[in-house]
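Everything below concerns the one structure shown next.
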Amino acid sequence: MPFELNFAPWAAARRLGAIIRALRSTASTALLLGVALALGGCSAVRLSYNNAPELMFWWLDGFADFDKAQSQRVRKDLATLARWHRQQELPLVAELLQSAEALANQPQPSSGQICALYASSVLRMEALVERALPTAAAVAPTLQASQIKSMATTYDKNNRKWREEWLTTDKDSLSRRTQKIRERLEDFYGPLTPAQLRQLQSNLDSIGTDQPLHYREILRRQQEVLQTLTQLRQSDAGTAQTALTVLAKGYLHSPDANYRAYKDQAVAQTCEAMADLHRTTTAQQRKNMVTALQGYAGDVRALMAQTP
């Protein structure tokens, strides 16, 4: 989904793929009290988190088809990355959840408060990307031409699927987006009333989308990744880290001024839409939201206490 915030406690680890072969685009639409909506699609948090290094390895390997030496390096570094995240980042995730809970308790939060919480969650994702760069820099120069070609093939496959889902009529795209956002909202609030659904639909309709522009950004990122990896073949790790740092910066903060303006406007408008909706919620709906956030906070505290 365009502009979908993806910030489950470990889901941001998928951004490592952006550095090694930039599987998919990252942007954000469904913002509900910042981290709250982002966690909406994350079930069995503890199980997923504890198995993240192995799951991430298979996810990455499905793109790069690592050889034995690459596999050993990536597995080892993913385990190290997981330990770092548990020790250093989970406490910050807990703070974000606490802020989200406080915001959920407010009957009339501002769009600025919601966007501020979202911005804090983006910083956590960027910290993870930065931490993953040395691994990417060690692996990138060892990739073979056939592996990079495999990545390009997978990009094409994913792009076809994306076009089928999102490069449709404006009406179909808006309907699909609204349904996805509604499902996540109701995971937290419980059922929305007909009036709330009408308001949500009206606000989302006013935001608008530019799917062709978003698709061009996807293609730009993919081409830069493929070109960078091709240029880095058999280079040294220092050169690779410098190049991948530049790549990551452009991936997270597009050099395309039109796309940046589009994204910033969509995020701001979505924050306002979510604030408007929250102002219409009942005490019970807000209580449902708080209860859901407390459940995630409990998962995070349990994960922090575990020794992997």
Does ALA136 fit the bill of being in a helix (DSSP H, G or I) and either among the β-branched types (Val, Ile, Thr) or surrounded by 14 or more Cβ atoms within 10 Å (Cβ to Cβ) (or both)?
-> yes
Cross-chain or 6+ apart pairs with Cβ under 8 Å, region 148-164 first and touching a residue at least 40 places away in the same chain (Cβ under 8 Å) and among the aliphatic types (A, V, I, L, M), then assigned to a helix (DSSP H, G or I) and surrounded by fewer than 16 Cβ atoms within 10 Å (Cβ to Cβ) = ILE148/THR230
Considering each residue of region 246-266, count those that are of a type in the set (S, T, N, Q) and buried (at least 16 other Cβ atoms within 10 Å of the Cβ), and give that number.
-> 1
What are the residues in region 192-214 that are touching a Pro at 6+ places or on another chain (Cβ under 9 Å) and either in a helix (DSSP H, G or I) or free of Cβ contacts under 8 Å to residues at least 12 places away in the same chain (or both), if any?
-> GLN211, HIS214
On the given criteria, is GLU272 under 18 Å from the mean Cα position of the chain (by Cα), among the acidic types (Asp, Glu) and either surrounded by 16 or more Cβ atoms within 10 Å (Cβ to Cβ) or part of a loop (DSSP other than H, G, I, E, B) (or both)?
-> no
For residues that are among the charged types (D, E, K, R) and outside any helix (DSSP H, G or I), tally how many sit in region 59-76.
-> 2
Any chance ARG177 is at pLDDT below 95 and in contact with a helix residue (DSSP H, G or I) (Cβ under 9 Å, 6 or more places away or on another chain) | yes
Evaluate region 175-186: report whether one residue or more is under 22 Å from the mean Cα position of the chain (by Cα), of a type in the set (Lys, Arg) and more than 30 Å from ALA152 (Cα to Cα).
-> yes
State yes or no: is LEU219 surrounded by fewer than 16 Cβ atoms within 10 Å (Cβ to Cβ), of a type in the set (A, V, I, L, M) and in a helix (DSSP H, G or I)?
-> yes
Filter region 232-260 down to residues that are assigned to a helix (DSSP H, G or I) and farther than 30 Å from GLN211 by Cα and give me whichever is modelled with the lowest pLDDT.
-> ALA237
Scan region 68-88 and give yes if some residue there is of a type in the set (Asp, Glu) and under 29 Å from ALA266 (Cβ atoms), otherwise no.
-> no
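Here is a yes/no grid of residues against (1) at pLDDT below 80; (2) under 16 Å from ASP276 (Cβ atoms); (3) out of contact with any Phe, Trp or Tyr (no Cβ under 6 Å at 6 or more places or on another chain); (4) acidic (Asp, Glu):
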| position | (1), (2), (3), (4) |
| --- | --- |
| LYS161 | no, no, yes, no |
| ASP172 | yes, no, yes, yes |
| TYR189 | no, yes, yes, no |
| LEU192 | no, yes, yes, no |
| ARG198 | no, yes, yes, no |
| ASN203 | no, yes, yes, no |
| SER206 | no, yes, yes, no |
| THR209 | yes, no, yes, no |
Looking at (1) under 23 Å from the mean Cα position of the chain (by Cα); (2) surrounded by 14 or more Cβ atoms within 10 Å (Cβ to Cβ), find the lone condition where ALA240 falls short.
-> (1)
Sort through ILE181, ILE148 and tell me the only one that's part of a helix (DSSP H, G or I), among the β-branched types (Val, Ile, Thr) and closer than 30 Å to ASP61 by Cα.
-> ILE148
Quick one: in region 55-69, of everything that is over 19 Å from ALA152 (Cα atoms) and over 19 Å from the mean Cα position of the chain (by Cα), which residue is surrounded by the most Cβ atoms within 10 Å (Cβ to Cβ)?
-> ALA69
Tell me, please, whether a residue that is in a helix (DSSP H, G or I), crowded, with 16+ Cβ neighbours inside 10 Å and of a type in the set (S, T, N, Q) can be found in region 162-176.
-> yes
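The values are calculated or read from the model by the stated rules, or taken from the named source; none is laboratory data. Values in this document were obtained by computation on a predicted structure and should not be read as measured data. Because the Cβ atoms are built from the backbone with ideal geometry, glycine has one as well, and the counts that use them run over all protein chains shown.
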